[in-house]
1. In segment 94-203, what GluC sites (Glu not before Pro) fall in a loop by DSSP, with at most 15 other Cβ atoms inside 10 Å?
2. Tell me, what is the 1.4 Å probe accessible area of MET348, in Å² to the nearest 10?
3. Going down the table (LYS76/LYS231; LYS249/LYS271; LYS138/LYS344; LYS305/LYS344), which pairs top 19 Å between alpha carbons?
4. Not counting ligands, DNA or RNA, and with a 1.4 Å probe, what is HIS81's accessible surface area in Å² rounded to the nearest 10?
5. Write down the accessible area per residue of segment 286-357 in Å², having rolled a 1.4 Å probe over the full set of protein chains.
6. Calculate the length of the line joining the C-alpha centroid of segment 250-274 to that of segment 96-143, in whole Å.
7. Return the FRET efficiency for the residue pair PHE107, GLN357: r is the Cβ-Cβ distance, R0 is 41 Å, and the value is rounded to the nearest 0.05.
8. What net charge is computed for the residues neighbouring ARG195, neighbours being all others with C-beta under 15 Å from the C-beta of ARG195, Lys and Arg scored +1, Asp and Glu -1?
Amino acid sequence: MIENVFDFDKELHLMNEDELRSLLRLLYLSAEREVSIQSAEEHSVHFASTVQSIFKTLDEDRNRKKAEQQALEAQKPREIHIAIGESPLGSIKVAMGKVPGRSDRRFFSMNDYYAIGPLGDLTNKADLHRRHLWLLDKLYWSEHGSYAVQGMNELLRLNSVVSSIDEDTRITIWYANNAHERTGLLYAMHLLRNRLGPIYLIETSALYEELFKPSEVQHDVLSTGEIISGKLLAMWQHCVNAEPLSLEKRKQMEQEWVDLAVQPGLLRLMKDGEIQSVPEDGIDEFIMQRVREITLIRQPGEFIKAARIVGEVLGHLEQAVGDAFIEYRIRQLIIQGRLEMEGKPHAMRFYSVRLPQ
């Protein structure tokens, strides 16, 4: 029971984003109802009006911040750093914050789930809609359904921003050699295909191996988001005087995107250093194997939290498909009768699975 502000503060820290949004929406609707009741006590109306005014100014603050950001972006940057995803972008920002020339530097995220879903010509609205709807259908009900929030406008903006970067701006693209980031890189090269200015790449997984990994350590870095900002800074310092991509290499990567975009598979995995498109059930047997292995150390018939299965797959798969996709495939295995379920599949922490009895 929440009895004071300290209890409330602890409760807030336990709530996820969806729960916080629901709380705010309920508070707004309650305030709106109080204001509309003519017989309400004066102090009640005053409180409700105050709460309403807070919500009404939210969009004003957001619009002000958006205008400030647009004014900042309108200034011609000296260099721009592109990452494949929000998580690695945050670490890159921290790393590059220690490099002189901060005000002349911009950062941009190719924020999509490139290892999964249909591709096609993503500069075409019809193909982009098709991809967006597929991902909404598969991921929206998961805990990480943020894809629905950014919407089509944000995806179209991504295309516009990358393809319109000024010729005099130095472009550096950071990526790890996994299917998600590699596919995002190829798409970025497709968007930049008409650019005449140089483009620089920092391949983080290979550089990590070269610069930091002792020979006795067997852990491989699968994604840029795993690397701390200090090591990213060292990578930048190592590459700052490197040669840009050659025209030949750029043409090769642009063609790789064209070839990959028409492949029918809905899941992309790295095999022998190359991206391969496979059916969306391409990791189902791996998931089932992890379930079998966990089952061996559990009591007979015991259910296993779906979140535990997702964590096990993430920890052993050595592919960057994302936890939302893994959880989607667990739900598909339940539908197929290959797994049994207990609980409610609102999110992976709310239900458990086991092998059929």
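1. GLU167
2. 20
3. LYS76/LYS231; LYS249/LYS271
4. 0
5. Spelled out: the 1.4 Å probe surface of segment 286-357, per residue, equals 50 Å².
6. With segment 250-274 and segment 96-143 each reduced to a Cα centre, they are spaced 17 Å.
7. 0.20
8. Values: positive: ARG170, ARG193, LYS249, ARG250, LYS251; negative: GLU79, ASP166, GLU167, ASP168, GLU254.
Net charge in that neighbourhood comes out at 0.
The values are calculated or read from the model by the stated rules, or taken from the named source; none is laboratory data. Note that this is a predicted model, so its numbers are computed, not measured. All Cβ positions, glycine included, derive from the backbone under ideal geometry; neighbour counts span all protein chains shown. Surface areas here come from the heavy atoms of the whole protein model, side chains and all, with no ligands, DNA or RNA. Shrake-Rupley method; radii C 1.70, N 1.55, O 1.52, S 1.80 Å.
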